[in-house]
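> Let me begin by handing over the structure; questions about it come next.
Quick note: the coordinates plus some simple rules give every number you see, no bench work behind them. Since the structure is predicted, the reported quantities are computational estimates derived from the model, not experimental observations. No Cβ is skipped: glycine too gets one built from the backbone with ideal geometry, and neighbour counts run over all protein chains shown.
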Amino acid sequence: MKEQVKEQIESKNKDGVHPMEWWCVDLGQSTQYTSLKLEELAEGFLRFTPDIVMGKNRIFLEMSRTKKLFRLDSIQKRAQVIAQRLKVDSKHWQWGIGKTIPESWVQCRWKNLYTKLLSVDAIFDFIDPFSHSLLARAEQEKVALFHALGIRTLEDLFRIPHDSLLVRFGGLFDQFSRNFFEGCKIGWTRFKPHIDLIENTKWNADEWVVDSESLIFAIKPLVDHLMTRLYCQHKSLKAMELKMSLDSSAPDRLMLLSFAFPQTSAQLLLKILRERISHEMQKNPLTDPIMKVSLKVTEAAERDQRSLAFSYSEQNSEFSDDLRERWMELISYLGTAFQTEITEHPLPEHSWKKVQTATSSLSKKTDNVSHLFAKRPLQLFPAPILLSRVGTFLKKDNELWRIREFSCEEKIAGHEWDVENTNGFDRTYYRVKVEASVPTVHAQAHHEEWWIYKDELRHKLMLHGVYCQSA
C-alpha cells in the first residue's frame with residue numbers, strides 16, 4: 001500500500017503542471033510574531049526566491065524556478081543571519097522540503113512523509129497547511145472517531161474503500177485527498193512587500209539627541225535595517241526623506257536627500273548622512289532636542305548586478321557623463337583610489353601590486369606582463385606518489401607507463417608554497433607525457449601528462465599532479 005501511495009504522490013505532476021519544490025520554515029508555535037515582524041522576515045527571504053507564501057508562524061518558499069541553486073544548509077545559515085539582524089530567535093526553527101505546500105509543511109512538522117509512519121492527526125495538516133498547528137476540539141473528536149475505527153496512521157486510512165470514507169466523513173476526506181494527491185494545485189498568494197519603506201525611532205525621553213553626532217549614532221540601526229530591507233527586495237536607494245520631530249510646537253524639520261548613483265552600502269550612506277546633517281545643523285542649529293526621527297525611501301531603483309563591477313576607464317568611449325559623475329562622487333567619499341598592476345611572482349596572491357592614483361582620473365597605463373611560470377596541474381595529489389624507473393617506463397601502482405616526452409623544467413623552492421615546516425627545499429619539476437602500456441581498469445586514460453619532481457634525499461621520482469588525460 002505504501003508503494004502505491006508513494007507512486008501516486010510522485011505522479012501527481014504529470015498532468016502538465018510545472019513540478020515545484022516548496023521549502024517550509026516553521027518559526028515555532030510558542031513565539032507569537034507580529035504581522036510586521038513576519039513581513040520583515042518574509043522580506044529577508046526574498047533574497048532567495050520571489051515566490052513566497054505566508055502562513056501562521058511559517059513561511060513557504062518555492063525554490064524550483066530560482067536563478068540560483070541553493071542547498072538547505074546554506075539557506076539555514078543565511079536565514080540565521082537574517083533573524084539575528086531582525087533580533088529574532090531562530091534556534092527552534094524547523095525546515096521541511098516537499099513537492100507541494102502541504103508536503104513541505106508535513107515534512108517540517110512530522111519529519112516524515114511515509115504514510116505508514118504518519119499519524120492520522122496529519123490529515124488536518126494536509127487540509128490546512130497554512131495555519132494548522134494544534135488540534136481544535138472538533139478535530140480532536142474526529143481523531144477519536146478514527147481511532148475508534150482502528151485507524152491510527154494514514155496508511156490505515158487508505159486501506160478503507162474511498163467511497164466508504166466519503167459516506168462517513170464527507171467533505172473532510174474529500175479535501176484531504178485533494179490536497180494529498182493534487183497539492184500542486186492548491187491556491188496560494190505570493191507575498192508582496194509594502195511599497196513604502198519607512199523606519200521610525202522608538203526613543204525614550206532620556207534618549208533624545210541635541211547634536212549631529214548623537215543623531216548619526218542613534219539612527220545607525222535604522223539605516224542598517226533600511227538598507228537590509230532594500231537589499232532583500234533587490235533594490236538600491238536613490239532618494240530618501242529624513243524627518244526630525246522636535247520637542248516643541250515647531251513644525252518637523254525635513255531633509256530631502258538624492259544621490260548621484262544608487263546607494264547599496266549602509267556604511268557609505270551613513271557617511272553621506274553625517275556630512276549632510278552636520279552641514280544642515282551648522283546652517284540651522286537645533287533649538288530643541290530631537291524626540292523622533294523617521295527615514296523614508298522616496299525613490300528606489302532595481303538593483304543592477306553589473307553595478308557590483310562598477311569601474312572607470314577614460315579609454316572607454318561608452319563611459320557617459322552620468323557614469324563619470326557617479327565615479328567622481330564615489331571617489332570623493334572613498335578618499336583614495338587605487339589601481340592594480342601585475343607583478344612577476346610565482347604565488348598568485350602575490351602576483352599583483354597596488355598603485356595609488358589621483359582622484360581625478362585613473363592611470364591609462366596597461367602593462368602586458370607575460371607570465372613566465374608554467375601553469376599548474378589541474379589535479380594535485382594530497383601526497384606525492386612514489387614512482388620507479390624501469391628502462392623507458394615509469395611504474396606506478398604496479399602499472400607500467402611508457403615515457404614519451406620530458407619537458408618544461410621548473411625550479412620551485414619550499415617558501416613558494418607558503419606553508420610551515422618546508423625546510424626550504426628546492427625541487428626540479430618536469431612535465432612528462434606518458435602512455436599506458438596495457439590499458440587497465442585503473443588506467444582510465446591511454447595518454448596522460450604528469451607533474452613529476454625528483455626527491456634528492458631518497459633519489460626517487462615522485463608524481464605530484466596530473467595535467468590532463470586523453471583517451
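> According to a simple spin-label model (label point 7 Å from Cα along Cα-to-Cβ), what is the distance in nm between THR287 and SER64?
6.4 nm
> If you don't mind, another one. In terms of modelled amide H atoms, which long-range or inter-chain residues lie less than 5 Å from the amide H of LYS396?
So LYS396 has HN proximity to TRP401.
> Whole angstrom only: what separates the Cα centroid of region 246-309 from the Cα centroid of region 175-244?
So the two Cα centres are separated by 17 Å.
> Taking region 2-185 as the region of interest, what is the percent of Cα-Cα pairs per 5 angstrom bin, listed from the shortest bin to the one with the maximum distance?
Calculated over all Cα pairs of region 2-185, the distribution is 1, 7, 16, 20, 18, 14, 11, 7, 4, 1, 0 percent.
> Under 5 Å between amide hydrogens, which residues at least 5 positions from ASP51 or on another chain qualify, with H placed 1.01 Å from N in the peptide plane?
Those lying under 5 Å, H to H, from ASP51 are GLU62.
> Related question: State, to one decimal in nm, how far the label point of GLU213 lies from the label point of LEU36, with both points 7 Å from Cα in the Cβ direction.
For GLU213 paired with LEU36, the spin-label model returns 3.1 nm.
> Need the list of lysines near LYS411 for cross-linking: C-alpha distance under 25 angstrom, and skip anything on the same chain fewer than eight residues off.
LYS353, LYS375, LYS395, LYS396, LYS433, LYS454, LYS460
> Another one. Cβ under 15 Å from SER133's Cβ, SER133 left aside: what net charge do those residues give with Lys, Arg +1 and Asp, Glu -1?
-1
> Ratio to report: Rg/Rh of region 133-245, with Cα atoms as the point set and Rh obtained by the Kirkwood method; give two decimals.
So for region 133-245, dividing Rg by the Kirkwood Rh gives 1.36.
> With θ set to phi - 60°, apply the Karplus curve 6.51 cos²θ - 1.76 cosθ + 1.60 along region 35-49 and write out the HN-Hα couplings as whole Hz, x wherever there is a Gly or Pro.
Values per residue, Gly and Pro as x: 4, 5, 5, 5, 5, 5, 5, 5, 4, x, 6, 5, 6, 9, 7 Hz.
> According to the Kirkwood expression over distinct Cα-Cα pairs, how big is the hydrodynamic radius of region 144-187, in Å?
Result for region 144-187, one decimal place: 11.2 Å.
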